[in-house]
Amino acid sequence: MARYFFDVIADGELAPDEEGMNLPNLDAARREASRSLAELARDTLRSDGVPRLVKNYIRMRPEVNILLSIFYVRWRTMELTTRTLAAIVDRES
């Protein structure tokens, strides 16, 4: 087993993972990073409602402190005008 660390960057603030997790392989570490990111997105929606722009990241690194992967969710909401909505409908047709 290897120890992996999952640092959280939310709204530009770094929260380093000081403990890490022992996981059997890289695939398990990727699943854990994806699960953590989904929780982060859920918590953001619960606390802030629907934000207009969000940039949240999970940095995954092993004990040797090299960056392996960055997992992120980014979404943007925007108000639709009648003209914008019509253009989207036309494009989908």
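Just so you know, all these numbers are worked out from the coordinates, no wet-lab data involved. From a predicted model like this one, the values you see are computed outputs, not experimental measurements. Cβ atoms come from the backbone with ideal geometry, glycine included; neighbour counts cover every protein chain shown.
Subtracting the Cα-Cα distance of Asp7 and Arg83 from 0.36 nm times their residue separation leaves 23.2 nm of extension gain. Taking amide hydrogens as placed 1.01 Å from N in the peptide plane, the amide H of Asp17 sits under 5 Å from those of Phe6, Asp7, Val8, each at least 5 positions away in sequence or on another chain.
Rounded to the nearest whole Hz, the Karplus-based 3J(HN,Hα) values (6.51 cos²θ - 1.76 cosθ + 1.60, θ = phi - 60°) of the range 16-29 follow the sequence x, 7, 8, 9, x, 9, 7, 10, x, 6, 5, 4, 5, 5, with x at glycine and proline. Between the amide H of Leu68 and those of Met60, Arg61, distances stay under 5 Å, these residues lying 5 or more places away or on another chain, with hydrogens modeled in the peptide plane. The local environment of Leu23, defined by Cβ-Cβ distances under 15 Å, has a net charge of 0 under the rule Lys, Arg +1 and Asp, Glu -1.
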